[in-house]
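Have a look at the structure below, then the notes.
The values are calculated or read from the model by the stated rules, or taken from the named source; none is laboratory data. Source: prediction; values computed, not measured. All Cβ positions, glycine included, derive from the backbone under ideal geometry; neighbour counts span all protein chains shown.
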Amino acid sequence: MKYYYSFEFCDGGVTTLEEAKETLKEDDVEEIELEEMKRDYGGKMWCNLKELFIKKWDCGRRCNIYNPCNGKNGRCRHLENGFIRTGKKFILTKSGLKETENGGI
């Protein structure tokens, strides 16, 4: 699955193409500028409950919302990988997704 970022509509997070299409319909806008993102494996992690990037050592038994996936230890179920930019930029319109020339919008 590909993820995208829009400075206008994503509220600081990433979105899927389907979610961006829904935004296009609901907000009655002509186009949305998107930039493709990719997961940053090994980088900073995103905590869904605290809504911020955290370092690996900040997540664990010291955190009052820590909830390991296996119920004992390890990765918290509230953690997600961070994302980094790919530089590929697109414009989403009602007729479809079109990559911009040279990645510039």
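Quick notes on this structure:
- Screening residue 74 against (1) of a type outside the set (S, T, N, Q); (2) over 29 Å from residue 22 (Cβ atoms); (3) surrounded by 12 or more Cβ atoms within 10 Å (Cβ to Cβ) leaves a single unmet condition, (3).
- Meets criteria (in contact (Cβ under 8 Å) with a residue 60 or more places away in the chain, within 21 Å of residue 4 (Cβ to Cβ) and either surrounded by 16 or more Cβ atoms within 10 Å (Cβ to Cβ) or within 20 Å of the chain's Cα centre (by Cα) (or both)) for residue 33: yes
- The residues of the stretch 85-105 that are in a strand (DSSP E or B) and either charged (D, E, K, R) or loosely packed, with under 12 Cβ neighbours inside 10 Å (or both), listed by number, are 85, 87, 88, 89, 96, 98, 99.
- Screening residue 65 on (1) aliphatic (A, V, I, L, M); (2) assigned to a strand (DSSP E or B); (3) surrounded by fewer than 15 Cβ atoms within 10 Å (Cβ to Cβ) shows it passes everything except condition (2).
- Subset of the stretch 68-84 that is assigned to a strand (DSSP E or B) and out of contact with any Asp or Glu (no Cβ under 9 Å at 6 or more places or on another chain) - its residue that is farthest from residue 30 (Cα to Cα): 68
- Looking across the stretch 36-62 at every residue that is of a type outside the set (D, E, K, R) and either touching a Pro at 6+ places or on another chain (Cβ under 7 Å) or surrounded by 15 or more Cβ atoms within 10 Å (Cβ to Cβ) (or both), the one that is nearest to residue 18 (Cα to Cα) is identified as 37.
- Looking only at the stretch 3-22, residues that are in a helix (DSSP H, G or I) and either surrounded by 19 or more Cβ atoms within 10 Å (Cβ to Cβ) or modelled with pLDDT under 85 (or both) come to 1 in all.
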